[in-house]
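Only one structure is covered here, and it is reproduced in the block below.
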Amino acid sequence: MSEAVQGKRLRRAALLAYPAALAGERLDFLLDRSGLQRTERASLQWLLSGALRESQSLRDLLQGLLRPGKQDEQVLALLQLALYELRHGQRPDFAVVNDWVEASQSLGKTWAKGLINAVLRRYLRERTTLDKVLMSSESHPAWLLRRLQAAYPEDWPAIVAANLQPAPLWLRVNRQQLSRDAYQQHLQECGHPSRTDAQLPDALILPGSLPVRELPGWDAGWVTVQDGAAQLAAEILAPQPGERILDACAAPGGKTAHLLALGATNVLALDRSATRLGRLQAALQRQGLHAELREADAALPDTWSTGQLFDAILLDAPCSATGIIRRHPDILHREPDLVALREEQARLLRGLWRQLRPGGRLLYCTCSLLPEENEAQVQDFLAGHGDAMRVADPRCGQRLPGQDDMDGFFYALLRKVGTQA
């Protein structure tokens, strides 16, 4: 397939997906439905993620470029995508302008060609002045901004700024296959310099995104993509030889695979979605790892438990995902039901605690920044469970986005008081 045809497919897919993402649909679902090949999807994800992240700034730019009055929403979406590529893409400006002008045909809006051409060329003439329109707190919805300001009165501006920056590419080397140093050498030989992280013995960080198929040994399972904050979960739980371990909300499986790579041999992974479990299974097979998988509601152990208690449980609970906005900017365009999420988190904690042996440990973690899902949730659980104690671990607590170049995450390690019968 020629580059020109691929480009048309990409722009057509972006014009379908971008308005849906602005309306609150999940970006990963939209990418799945795009029909594009893996390499094309990477380009689509870059374009959509960036435009979503800067959507408010792009709208501000267009206010200065368009005449006042009602505008066609599809044309506005096209212009936002085109402006993002002009600001951050690698192609020549004239090619970007020409291609997005032609893309109006896929919308059936050929009448807009002149308008699109004029707006984009005016931007190029005046870009030095227009680019002074900075991204600000307005890029975050009011409901989220209020909560961030209340929870982090000093840090919220830094959180907002971090959310609007592209994240680096974090890799986790599969130590069952090769060492981190050996893999770093493979990357270097392929022209991809990377750096290590002192907290994470299997992590490598690349400055920018890269199609996974370009990573050496991807198909052989040498490496997987996993943010440093997500890698910390398995490190904190620290599986020991012979332990029976439960990953309660396992899909898409990054933490399950990490537990296995760290040497866990008896892992049960649960998820309520058969489709997501299929993806988890595929990910484990690629990495040469094995766990028992079961489609189940982790909070209802009567439907899946054999009665044998677990030595360690990982609960990566469903949450608002407000700590991973820089990777998933579509989160900015939908408001979660926080009451329902808190109830679900509490339900999972209660149900899973019964499956933990005395002396065992449970790691509660979320990719949220909101105290009601994190510290307040843990405090409520501790108040209602006299057999639960918090384990002091300097890696636990709230991590903010951008801290050590990682995503925003929360961790609380709990131990069940008592002796095993």
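Among the residues of region 86-105, just one is open to solvent by less than 10 Å² (accessible area, probe 1.4 Å) and of a type in the set (Phe, Trp, Tyr), namely Trp100. Could you go through region 407-416 and let me know if any residue there is open to solvent by 20 Å² or more (accessible area, probe 1.4 Å), within 26 Å of the chain's Cα centre (by Cα) and touching a residue at least 60 places away in the same chain (Cβ under 8 Å). For region 407-416, residues open to solvent by 20 Å² or more (accessible area, probe 1.4 Å), within 26 Å of the chain's Cα centre (by Cα) and touching a residue at least 60 places away in the same chain (Cβ under 8 Å): absent. Scanning region 156-189 for residues that are modelled with pLDDT of 95 or more, outside any helix (DSSP H, G or I) and within 22 Å of Arg399 (Cβ to Cβ) gives Trp170, Leu171, Arg172, Val173.
Contact map, region 230-241: residues that are without any contact (Cβ under 8 Å) to a residue 60 or more places away in the chain paired with residues that are polar (S, T, N, Q) and open to solvent by 10 Å² or more (accessible area, probe 1.4 Å), Cβ distance under 9 Å, separation 6+ or inter-chain. Pairs shown: Pro241/Thr265. Please specify each residue of region 348-387 satisfying the condition of being out of contact with any Phe, Trp or Tyr (no Cβ under 7 Å at 6 or more places or on another chain), over 17 Å from Ala298 (Cβ atoms) and among the small types (Gly, Ala, Ser). If the condition is that a residue be out of contact with any Phe, Trp or Tyr (no Cβ under 7 Å at 6 or more places or on another chain), over 17 Å from Ala298 (Cβ atoms) and among the small types (Gly, Ala, Ser), then Gly359, Ala376, Ala383, Gly384, Gly386 are the ones that fit.
Only a single item in (1) modelled with pLDDT under 95; (2) in a helix (DSSP H, G or I) is not met by Ala82, and it is number (1). Within region 61-74, the set of residues being in contact with a helix residue (DSSP H, G or I) (Cβ under 8 Å, 6 or more places away or on another chain), assigned to a helix (DSSP H, G or I) and surrounded by fewer than 20 Cβ atoms within 10 Å (Cβ to Cβ) comprises Leu62, Gly64, Leu65, Glu73, Gln74.
Of the residues contained in region 38-45, one or more are found to be polar (S, T, N, Q) and within 18 Å of the chain's Cα centre (by Cα).
Scanning region 263-277 for residues that are farther than 19 Å from Pro318 by Cβ and crowded, with 18+ Cβ neighbours inside 10 Å turns up Ala264, Val267. Can you spot a residue in region 146-154 that is among the charged types (D, E, K, R) and open to solvent by less than 60 Å² (accessible area, probe 1.4 Å)? Looking through region 146-154, none of the residues is among the charged types (D, E, K, R) and open to solvent by less than 60 Å² (accessible area, probe 1.4 Å). For the residues Asp387, Asp393, the requirement of being of a type in the set (Asp, Glu), under 21 Å from Gln231 (Cα atoms) and either modelled with pLDDT of 95 or more or exposed (fewer than 15 other Cβ atoms within 10 Å of the Cβ) (or both) singles out Asp393.
Among the residues of region 16-47, those that are more than 21 Å from Pro92 (Cα to Cα) and either aliphatic (A, V, I, L, M) or touching a strand residue (DSSP E or B) at 6+ places or on another chain (Cβ under 8 Å) (or both) comprise Leu16, Ala17, Ala20, Ala21, Leu22, Ala23, Leu27, Leu30, Leu31, Leu36. Among the residues of region 382-418, the ones that are in a helix (DSSP H, G or I) and of a type in the set (Ser, Thr, Tyr) come to 0 in all.
Identify the residue in region 283-339 that is surrounded by fewer than 16 Cβ atoms within 10 Å (Cβ to Cβ) and under 21 Å from the mean Cα position of the chain (by Cα) and, among all such residues, is nearest to Leu44 (Cα to Cα). Checking each candidate, the answer is Arg334. Search region 194-229 for residues being touching a residue at least 60 places away in the same chain (Cβ under 8 Å) and of a type in the set (Ser, Thr, Tyr), and hand back the single one that is most open to solvent (accessible area, probe 1.4 Å). Filtering first and then ranking leaves Ser209. Among the residues of region 183-214, those identified as of a type in the set (D, E, K, R) and either in contact with a Phe, Trp or Tyr (Cβ under 8 Å, 6 or more places away or on another chain) or farther than 20 Å from Leu259 by Cα (or both) are Glu189, Arg195, Arg213, Glu214.
Screening Ala167 with (1) open to solvent by 50 Å² or more (accessible area, probe 1.4 Å); (2) aliphatic (A, V, I, L, M); (3) under 22 Å from Gln45 (Cα atoms) gives one miss only, at (1).
Of the residues making up region 235-249, those that are closer than 17 Å to Glu292 by Cβ and small (Gly, Ala, Ser) are Gly242, Ala248.
Output the number of the condition that Lys8 fails; it satisfies all remaining conditions of (1) of a type in the set (Lys, Arg); (2) open to solvent by less than 60 Å² (accessible area, probe 1.4 Å); (3) at pLDDT 90 or above. Answer for Lys8: the failing condition is (2).
The values are calculated or read from the model by the stated rules, or taken from the named source; none is laboratory data. What you see is a predicted model, and the numbers here were worked out from it, not measured in a lab. Here the Cβ is made from the backbone with ideal geometry for all residues, glycine too, and neighbour counts use every protein chain on show. Just the protein is used for accessible areas: all its heavy atoms, side chains included, with ligands, DNA and RNA removed. Shrake-Rupley method; radii C 1.70, N 1.55, O 1.52, S 1.80 Å.
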